[in-house]
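Below is the structure I would like to discuss, written out as structure tokens.
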Amino acid sequence: MNYKILILFFLLIVLSACNQFDNKKKSINYISDQKYQNTGFTLIYDDQLRKNKKISKKIDNRSLLIFHQKIKINSFVKITNPLNGKSIIAEVISNNAKFPDFYNSVITKRIAEELLLNPNEPYIDLVLISKNSTFIA
């Protein structure tokens, strides 16, 4: 019976010594979900580039598909021409296609025509669209 009293006394001391409330004001910083964003030159796909082995994979020029090395497959991106503000949404179909490191992506001729890109200087803004975002048409 003395053991029960000792154990109860020990627990009472241990639990009363614990500080359950912190008087210091702590601020919680939430880091917002950063989207992938890239600005730079893109490569407009042409069959001649594939024949010259500058691009390792083939892409259909009539589609809204792109190659990008850092974005996951089946992700959607918004591509914008910063000169005129036109934009289009395309899908990444490969992230292991080989193309020159100078370019941030490979786009089709259809995308280049829709955005009215200068074929000699195809400069674009590329933003990853998160799956949690909402669109209003």
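Only the coordinates and a few stated rules stand behind these numbers; no lab work does. Since the structure is predicted, the reported quantities are computational estimates derived from the model, not experimental observations. Note: ideal-geometry Cβ built from the backbone for every residue, glycine included; neighbour counts use all protein chains shown.
Hey, can you rank 50-60, 111-121 by average C-beta count inside 10 Å, highest first?
Values: 50-60: 13.4, 111-121: 15.0.
Packing proxy ranking, top to bottom: 111-121, 50-60.
Which parts of the stretch 71-103 would a label at residue 60 reach, counting a residue when its backbone N lies under 12 Å from a point 7 Å out along Cα-to-Cβ?
Those under the cut-off are none; the list is empty.
Here's something else I'd like to know. Pop a pseudo-label 7 angstrom from the Cα along the beta-carbon direction at both residue 83 and residue 116 and give the gap in nm to one decimal.
1.0
May I ask which of 53/109; 54/131; 35/57; 53/131 have a Cα-Cα span longer than 29 Å here?
Working: 53/109 18 Å; 54/131 32 Å; 35/57 26 Å; 53/131 34 Å.
Flagged as over cut-off: 54/131; 53/131.
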